[in-house]
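All of the numbers you see were taken from the coordinates with simple rules; none came from a lab. Given the structure is predicted, the values throughout are model-derived calculations rather than measurements. No Cβ is skipped: glycine too gets one built from the backbone with ideal geometry, and neighbour counts run over all protein chains shown.
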Amino acid sequence: MADSSFDVVSKVDRQEVDNALNQAAKEVSQRFDFRGTNASIEWSGELGVTIKADTEERAKAALDVFKEKLVKRSISMKALDAGEPKPSGKQYVIASTLRQGIDQDHARKIAKLIRDEGPKGVQAAIQGDQLRVSAKKKDDLQAVQALLKNADLDVPLQFTNYR
């Protein structure tokens, strides 16, 4: 019998993030406490988000609104990498990016965790920005999924291609 396997990936649904960004931008433009602060939230590139406001506090508050909308759309906060507000001319700018894929360091850490704490006979292979986990028994794969869900990793993980 062939081995069963699944892929460990780290992806964000761009459409859901876009919806959250649009909702946050609308709320920032309409809320009373943001009036007159020139606060805005917009895309900068494929996975970048720029938040601007006249004061540092309003920039942080706009970031909190965006985070709140992401959480409501069930997007992990681990996927958002937001910087500190930096003064740029008369405004404060927060440059943030969305993490897509598992980098090599995290992939090695996850593979080592599976090797050390996972059931016997489970292999983890790094394939680009994802991990392929395979085993003879499906129960072992489910144990690995439970192990990874409970592990405190700074990468949001999803499990796909379960066969």
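Which of the peptides 80-91, 20-31 is most tightly packed, and how do the rest follow, judged by the mean count of other Cβ atoms within 10 Å per residue?
20-31, 80-91
Using per-residue counts of other Cβ atoms within 10 Å, averaged over each peptide, order 38-44, 56-62 from highest down.
56-62, 38-44
Applying 1/(1 + (r/R0)^6) with R0 = 45 Å to the Cβ-Cβ distance of ASN150 and ASN22, what FRET efficiency is obtained, to the nearest 0.05?
Approximately 0.85, to the nearest 0.05.
What order do you get for 140-146, 45-51 when each peptide is scored by the mean count of other beta carbon atoms within 10 Å, highest first?
140-146, 45-51
Place +1 on the Cβ of every Lys and Arg and -1 on the Cβ of every Asp and Glu in the range 14-98, take the dipole about the Cα centre, and give the residue among ILE51, LEU80, LEU21 whose Cα lies farthest towards its positive end.
Checking the options against the dipole of the range 14-98, the answer is LEU21.
Which of the aspartates and glutamates could a cross-linker bridge to LYS69, judged by Cα under 17 Å and excluding same-chain residues fewer than eight apart?
ASP13, GLU16, ASP18, GLU27, GLU42, ASP81
Can you flag which of LYS52/LYS86; LYS11/LYS60; LYS60/LYS149; LYS67/LYS90; LYS109/LYS149 are past 21 Å Cα-Cα?
With Cα atoms farther than 21 Å apart: LYS11/LYS60; LYS60/LYS149; LYS67/LYS90.
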